[in-house]
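Step one of this worksheet: look at the structure below.
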Amino acid sequence: MIDASYWDAKFDTDEFIYTKEANRFVRELATPLIEARAQKARAPRAKVIDLAGGEGRNAVWFAEQGWQAENIDFSKAALSKALKFAERRGVSDLYFAHVADATGFESVLTPVDVGVIAYLQASNEDIFDAIDCLVENIKKGGYLIGVWHARENLQGGFGGPQDPAVLPTASELAEFLAELPVEVEVLENRDGQIQTKEGLKPSVTLVLKARITA
């Protein structure tokens, strides 16, 4: 179980700590899935879980694309802010806020078409437990999308956690995913950017896209 008190305190501000814009890698990996779904005539409304979704930037973006989006986070302060954000963007009817721990939750939308886990800052063990739980809530043929600060960011990037124990590597993630019913399509480090008060700074970002096979 991860402690929520630090994050409640961090999010208890009118400022959006991580901006209101969906993460660039989430947009990149999800856009083809959104576009493909839009081509299907009479398809039921698509659904997504944004696990540890914080202030809601990714979940609200999905809702703006017409998807039902569930933001699951253990920080009540983050979810309160995210709900108001969804209301201001006019998508509160498609947005769901759910207070729960990432390592063990029950979704109100399951099974979903896409599961997103972006920048969950936790130990590898907790990250793997969260992924395992998320995969169980994604339908067969759906997709898992992940984004993290890579461990390599400690030497070659800016920002993010400074503890290597909470920074996964592609090889560690690949070893874990080999035990799950997924087909990995993308698993690699990318050149990313961190928004700071001094402008954009370079970062090393680990990204994942995997198809659920069972």
Does region 152-168 include one or more residues that are of a type in the set (S, T, N, Q), surrounded by 15 or more Cβ atoms within 10 Å (Cβ to Cβ) and part of a strand (DSSP E or B)? no
Please tell me if LEU134 is touching a Leu at 6+ places or on another chain (Cβ under 6 Å) and assigned to a helix (DSSP H, G or I). yes
Subset tally (residues that are open to solvent by less than 20 Å² (accessible area, probe 1.4 Å) and touching a helix residue (DSSP H, G or I) at 6+ places or on another chain (Cβ under 6 Å)) for region 62-80: 5
Looking at region 29-54, which of its residues are open to solvent by 10 Å² or more (accessible area, probe 1.4 Å) and either within 11 Å of ALA118 (Cα to Cα) or among the charged types (D, E, K, R) (or both)? GLU35, ARG37, LYS40, ARG42, ARG45, LYS47, ALA52, GLY53
When region 183-213 is checked residue by residue, the ones that are farther than 20 Å from GLU28 by Cα and either modelled with pLDDT under 95 or surrounded by 16 or more Cβ atoms within 10 Å (Cβ to Cβ) (or both) are THR196, LYS197, GLU198, GLY199
Under 9 Å between Cβ atoms, at least 6 apart or on separate chains: pull out the pairs that start in region 9-25 with a residue that is within 15 Å of GLY53 (Cα to Cα) and end on any residue that is in a loop (DSSP other than H, G, I, E, B) and open to solvent by 30 Å² or more (accessible area, probe 1.4 Å). LYS10/ILE17; PHE11/ILE17; TYR18/TYR119; LYS20/ARG89; ASN23/TYR119
Which numbered condition trips up THR110, out of (1) within 20 Å of LYS20 (Cβ to Cβ); (2) at pLDDT 95 or above; (3) surrounded by fewer than 20 Cβ atoms within 10 Å (Cβ to Cβ)? (1)
Looking at GLU28, GLU87, GLU70, which one is of a type outside the set (Ser, Thr, Tyr), out of contact with any Asp or Glu (no Cβ under 9 Å at 6 or more places or on another chain) and farther than 29 Å from SER171 by Cβ? GLU87
Exactly one of PHE74, PHE96, PHE128 is out of contact with any His (no Cβ under 8 Å at 6 or more places or on another chain) and modelled with pLDDT under 95, and that one is PHE74
The residue from ARG37, ARG45 that alone is touching a residue at least 60 places away in the same chain (Cβ under 8 Å) and more than 17 Å from the chain's Cα centre (by Cα) is ARG37
Looking at region 83-101 only, could you name the residues that are in contact (Cβ under 8 Å) with a residue 60 or more places away in the chain and open to solvent by less than 10 Å² (accessible area, probe 1.4 Å)? PHE85
Identify the residue in region 1-14 that is of a type in the set (D, E, K, R) and over 20 Å from the mean Cα position of the chain (by Cα) and, among all such residues, is least open to solvent (accessible area, probe 1.4 Å). ASP12
Where the second residue is modelled with pLDDT of 95 or more and buried (at least 20 other Cβ atoms within 10 Å of the Cβ) and the first is farther than 18 Å from GLY104 by Cα and basic (Lys, Arg) and lies in region 134-145, which pairs have Cβ atoms under 6 Å and are six or more apart or on separate chains? LYS140/ILE212
Only one of (1) at pLDDT 95 or above; (2) closer than 14 Å to PHE25 by Cβ fails for HIS149. Which number is that? (1)
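The values are calculated or read from the model by the stated rules, or taken from the named source; none is laboratory data. In this text the structure is predicted, and so the values were computed from the model without any measurement. Glycine also receives a Cβ, built like all others from the backbone with ideal geometry; neighbour counts cover every protein chain displayed. When the accessible area is computed, the model is the full protein with side chains, heavy atoms only, and any ligands, DNA or RNA have been set aside. Shrake-Rupley method; radii C 1.70, N 1.55, O 1.52, S 1.80 Å.
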